[in-house]
Amino acid sequence: MVADSEHKRVHFRSPADLVGQADALAEIEGTDRTDVIIEALREYIADATDDERFRHDITEAYYDGQIGYDRLEALVGTERARTAKLLKRDLDSEPLDLSAPEDGVDIYDGETATVDPED
């Protein structure tokens with residue numbers, strides 16, 4: 001069991017038969033109801049966060065301001081959260097006010113590459 005400072009007490013109502021099943025499983029495994037529920041929750045979260053559609057929905061919730069960065073990071077991981085944070089910053093910023101180049105202006109300074117699609 002992990003130290004109490006690493007735990008948060010939660011209270012919730014559950015169907016009696018579900019609690020009975022958790023108790024039976026705990027008895028068979030030689031553990032307690034809390035450990036069974038924690039393990040079930042871990043597995044549920046692992047399955048959900050492994051789903052691409054779920055990760056997309058969570059990221060969209062972040063872009064829409066429904067959840068904060070910390071919650072996003074906890075659900076999708078640091079790398080994906082950082083990418084979303086950079087994109088959100090870019091989406092939230094004002095677009096650059098650049099006019100189109102004048103006709104005849106070489107914006108590439110004469111250095112262009114040609115790509116052969118057959119390669």
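Read the figures in this text as sums done on the coordinates, not as results from a lab. Quick caveat, the model's predicted, so the values are computed rather than measured. Note that each Cβ is placed from the backbone with ideal geometry, even for glycine, and that neighbours are counted across all protein chains shown.
Fewest neighbouring Cβ atoms within 10 Å first, the residues 5, 14 line up as 5, 14.
Legend: ranking of residues 10, 36 from fewest to most surrounding C-beta atoms inside 10 Å; resulting order 10, 36. Within the chain, which is the longest segment that contains none of the GluC sites (Glu not before Pro) sitting in a DSSP loop with at most 16 other Cβ atoms within 10 Å? The answer is 1-101. Subtracting the Cα-Cα distance of residue 32 and residue 70 from their residue separation scaled by 0.36 nm leaves 10.6 nm. Could you work out which residue, out of 30, 104, 68, moves most in a Gaussian network model of the chain, that is, has the largest mean-square fluctuation with Cα springs under 10 Å? In this elastic network of the chain, the residue with the biggest mean-square fluctuation among 30, 104, 68 is 104.
Computed from the Cβ-Cβ distance with R0 of 22 Å, the FRET efficiency linking residue 40 to residue 13 stands at 0.85. Measuring gaps between exposed loop sites in the chain (chymotrypsin sites (Phe, Trp or Tyr not before Pro); DSSP loop; at most 12 other Cβ atoms within 10 Å), the longest gap, sites not included, is 13-107.
Quote the convex hull volume per residue of the chain, based on C-alpha atoms, as a whole number of Å³.
Cα-based convex hull of the chain, divided per residue, equals 257 Å³.
Dipole size of the chain about its Cα centre, with +1 on Lys/Arg Cβ and -1 on Asp/Glu Cβ: approximately 1100 debye, rounded to the nearest 20.
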